[in-house]
Amino acid sequence: MTGGTSHQPGSLVLRGVRYTYPDGQPALSGVDLTMAPGERVALLGPNGAGKTTLALHLAGILTGEGTVTVGGLTVDPADRAGLAEIRRRVGIVFQDPDDQLFLPTVAEDVAFGPANLGLRGEQLRSRVDGALAAVGMAEHRDRAPHHLSFGQKRRVAVAGVLAMHPELLVLDEPSSNLDPAARRELAQIVAGLPVTVLMVTHDLPYAYQLCPRSVIIDAGRIVADGPTGELLGDAELLARHRLELPYGFSVSPSVAA
Amino acid sequence: MAGGHDAHVLYRPGSSPMHRLAPEAKLAATVAFTVAVVSTPREAFWAFGGYAVLVGLVAAVARIPPGWLARRAAIELPFVALAFALPFLAAGPRVDWAGLSLSVDGLLGGWNILAKATLGLLASLLLVGTTTVRDLIVGLDRLRCPAPLTQIATFMLRYLDVLVGESRRMRVARLARGDDPRFLWQVRGFAAGLGALFLRAYERGERVWLAMRARGWTGRMPAGLSATGVATARQWSAAASVPAVAAAVAIAAVVTA
């Protein structure tokens, strides 16, 4: 464990995180990463680079070698109470909201996380109301999730995690399948949240819009870490890791930095 | 996904006193009522009439129309067929009716199956018609039902929609590639897709489970989620009135038999 920021709420420290899939395929081969409280960092990488696997390590859902420390608390799979606290601190919004929304109404689904924390009654209700208001979905609280648009579902999925008052929000491909307006609305919501954000994506313009800092992961290893503008301006670096800006876009490193 | 989890075909949304009753009280009452019915001697015809009146009263309180109950009771038809076959197949003394030679024992046996199965089924339908699946699981939990059982029930809740949704999407994809939607032709495509369906449902189920764990799920439905509170003494006594009457009828039937 390092000193300084690693004990502050919302900080994240990964040291030598390694993980091998049950079939023997290596997924993470030694990941080191430090995030300061309130920082927004994009985790960029091609399909199969280990991005989602890394995200699951942050909440102790997968555990391999190495240490993951969130706000000074280190993930220990043997410590059930500690694991519950880690999962409260780390909120993961999954790529497919249909994987996440499973209760009959929006309000109930948002209540699932805080109810797991033991909240009930008025306290639970105010958590749900607060989270739904934060994503602009308060008027849809009694609707069935499967009747919502995809963008609305994703916002409800974000609310379901915000209701647990996380210190670190992990967004897995937050912009996928969103139309341009839903994309912008989600960006506004994320930019206004007072939490540390790790955004897993290969949507480079979205990373540039929201995250001052980016890290590139490829083959289970962090291969670059720096200001998003600088990384995106290095076409050769991007190409080496199967990343590229959409056609017609470019970021000038000198302007961005 | 169509239907949603709690909008299952057997649930009839409403706000009757039956709907508001705590799930554990309803569960216990249904089981007790069924035990009373099953332990009634088959010759006590009047007792079964009494049970039917009780079921009718509860249905009226729950504001469930008879037609709705009858349609859902159709699930019982295979057993009805068996009940009708018994008078022809059973051995022992026989009576002649409309030119048919019927076994007395078979007639009573058929009546026994028909009456008890129908009453038990109607009681169960009244339970699930007024209780959401989530509340049923909460009720089982509160009745100290072993955790593995309630967990299996939770998984069913999660997988049911997954399976329906996946098979619908796969069917649409087949149709889009020119599969003939007529029944017999469809069976072939469906059979070929079954393996893929299983894998897809399994994978999605895994992702749903991961998402549940990420929000702190520990294997029990959180208490704060239940729409109904824990059963009060008044609720318990209201729920107990039905099986109490049924038990009185059953005891009277046993004594007079």
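Bear in mind that the values in this text are calculations on the coordinates, not laboratory data. All of these numbers come straight from a predicted model, not from anything done at the bench. Every residue, glycine among them, receives a Cβ derived from its backbone with ideal geometry; neighbour counts consider all protein chains shown.
Name the residues whose placed amide hydrogens come within less than 5 Å of the amide hydrogen of residue A:31, ignoring near sequence neighbours (fewer than 5 apart) on the same chain.
A:16, A:17, A:18
For Cα pairs less than 8 Å apart in space and 6+ apart in sequence, what is the mean separation divided by the residue count of chain B, i.e. the relative contact order in percent?
This gives 36 percent for chain B.
If you build a Gaussian network model of chain A, linking Cα atoms that sit under 10 Å apart, which residue out of A:122, A:244, A:185 swings the most?
With Cα springs under 10 Å in chain A, the top fluctuation among A:122, A:244, A:185 is at A:122.
Using R₀ = 51 Å, calculate the FRET efficiency as 1/(1 + (r/R₀)^6) where r is the Cβ-Cβ separation of residue A:188 and residue B:244; round to 0.05.
For residue A:188 and residue B:244, the calculated efficiency is 0.30.
Which of A:175, A:29, A:126 ends up with the largest GNM mean-square fluctuation for chain A, with Cα atoms connected below 10 Å?
In this elastic network of chain A, the residue with the biggest mean-square fluctuation among A:175, A:29, A:126 is A:126.
Under a point spin-label approximation (7 Å from Cα along Cα-to-Cβ), what is the residue A:78-residue A:225 distance to one decimal in nm?
Distance between label points: 2.9 nm.
How would chain A be classified by its alpha-carbon gyration tensor: rounded, prolate or oblate, with rounded meaning a/c under 1.5 and the a/b versus b/c comparison settling the rest?
Oblate.
For residue B:46 and residue B:91, compute 0.36 nm times the residue count separating them, minus their Cα-Cα distance, and round to one decimal in nm.
Result: 13.6 nm gained on full extension.
When only Cα pairs under 8 Å and 6 or more residues apart are kept, what is the percent relative contact order across chain A?
24 percent
Which value, in Å³ per residue, describes the convex hull spanned by the Cα atoms of the stretch B:1-108?
156 Å³
Nearest 10 degrees, 0 to 90: what angle lies between the long axis of helix B:45-61 and the longest principal axis of chain B (Cα atoms)?
Tilt of helix B:45-61: around 40 degrees.
First measure r as the distance between the Cβ atoms of residue B:256 and residue B:232, then evaluate 1/(1 + (r/R0)^6) with R0 = 35 Å and state the FRET efficiency to the nearest 0.05.
0.45
Would you work out the Kirkwood radius for chain B? I mean one over the mean of 1/r across all pairs of different Cα atoms, in Å.
Its Kirkwood hydrodynamic radius stands at 21.4 Å.
Quick check on the protein assembly as shown: what are the equivalent-ellipsoid semi-axes from the Cα gyration tensor, as sqrt(5λ), descending, whole Å?
Over the Cα atoms of the protein assembly as shown, the semi-axes work out to 56, 26, 20 Å.
Report Rg (one decimal) and Dmax (nearest whole number) for the stretch A:122-217, counting Cα atoms only, units Å.
13.5, 43
Most fluctuating residue of B:117, B:191, B:238 in a GNM of chain B with Cα springs under 10 Å: which is it?
For chain B, modelled as a Gaussian network with Cα springs under 10 Å, the answer is B:191.
Run the helix sum for the protein assembly as shown: -39,500 (n - 2.57) per DSSP H stretch of 4+ residues, divided by residue count, reported at 222 nm to the nearest 500 deg cm²/dmol.
Mean residue ellipticity, 222 nm, calculated: -17000 deg cm²/dmol.
If the chain between residue B:172 and residue B:100 were fully stretched, how many nm would it gain, using 0.36 nm times the residue separation less the Cα-Cα distance?
20.7 nm
Calculate the spin-label point distance for residue A:234 paired with residue A:20, positioning each point 7 Å from the Cα along the beta-carbon direction, and give it in nanometres.
Going by the 7 Å Cα→Cβ label model, 3.0 nm.
Taking the beta-carbon count within 10 Å as an exposure proxy, list B:63, B:134 from fewest neighbours to most.
B:63, B:134
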